[in-house]
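Written out below as structure tokens is the structure these notes cover.
The values are calculated or read from the model by the stated rules, or taken from the named source; none is laboratory data. Predicted, not measured: the structure shown is a model, and the values here were computed from it. Because the Cβ atoms are built from the backbone with ideal geometry, glycine has one as well, and the counts that use them run over all protein chains shown. Only protein heavy atoms, including side chains, enter the accessible area calculation; ligands, DNA and RNA are left aside. Shrake-Rupley method; radii C 1.70, N 1.55, O 1.52, S 1.80 Å.
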Amino acid sequence: MTHKRPISVPKIALYEPDIPQNTAAIIRLCSCFNTTLEIIEPCGFNLNDKRLKRIAMDYLDKSKIITYESYENFLIKKKKSRVILMTTKSKKNYNNFKFNPNDTLLFGRESKGVPKIVHNNSYERLKIPIKKNIRSLNIGMSVAITLAEALRQNSNL
């Protein structure tokens, strides 16, 4: 009898998200790719927000979501893991990086990004190259682009 090993896929982590609609879209994305979503609180909204539920729809029931009361609690849990911070403040491009299946891809708050301590505690900091003089992509798009590359590299897409 053969046993199939479960496929490891990167986890997505959101640092203190501000916008419930973006988080809901990311919940749907994670559900579609069997990826765990980790939310580092405090959020800029209540996780029972009707805007979140309206966009996430029935995907909330199909998703694996872990919440952390603080960044410190997240760090304790991730002590032996690679946390890859996606940030506009990096010089390294995501498509020149080798993702591992057990990585956690961390995305900052829509309005403020992440504080310096998060940059300092990340295994690597990467960016998605975009046209100059443009501030940034929507966080949901950034998660989708990065997750697709990590899955492609690890033959899960």
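Calculated mean residue ellipticity at 222 nm for the chain: -9000 deg cm²/dmol, from DSSP H runs with n ≥ 4 weighted as -39500 (n - 2.57), summed, divided by the residue count and rounded to 500. Taking Cys43, Cys32 and ordering them by how much accessible surface each has at a 1.4 Å probe, largest first, produces Cys32, Cys43.
Cross-link list Lys11/Lys91; Lys78/Lys131; Lys80/Lys127; Lys64/Lys132; Lys50/Lys91: which exceed 29 angstrom alpha carbon to alpha carbon? Correct reply: Lys78/Lys131; Lys64/Lys132; Lys50/Lys91. If you take the Cα centroid of the stretch 76-107 and the Cα centroid of the stretch 7-57, the two points sit 18 Å apart. Hey, what D do you get for the stretch 45-109 in µm²/s if you plug the Kirkwood alpha-carbon radius into Stokes-Einstein at 20 °C and 1.002 mPa s? Translational diffusion coefficient: 147 µm²/s.
Taking a straight line from the alpha carbon of Lys98, these aspartates and glutamates sit under 17 Å away, with near neighbours fewer than eight places off in the same chain left out: Glu124, Glu149. A viscosity of 1.306 mPa s and a temperature of 10 °C, combined with the Kirkwood radius over C-alpha pairs in the Stokes-Einstein formula, give the chain a diffusion coefficient of 100 µm²/s.
I need the calculated FRET efficiency for the pair Lys116 and Arg152, taking r as the beta carbon distance and R₀ as 30 Å, to the nearest 0.05. Using R0 = 30 Å, I get an efficiency of 0.45. The listed residues Met141, Met86 rank as Met141, Met86 when sorted by accessible area, largest first, using a 1.4 Å probe. Computed extension gain for Glu69 through Ser8, at 0.36 nm per residue and net of the alpha carbon distance, reaches 19.4 nm. Of all DSSP-defined beta bridges confined to the chain, some 5% are antiparallel rather than parallel.
Sorting Ser155, Ser63 by solvent-accessible area of protein heavy atoms yields Ser155, Ser63, largest first, with a 1.4 Å probe. From most to least packed by mean Cβ count within 10 Å, the peptides 143-152, 14-23 give 14-23, 143-152.
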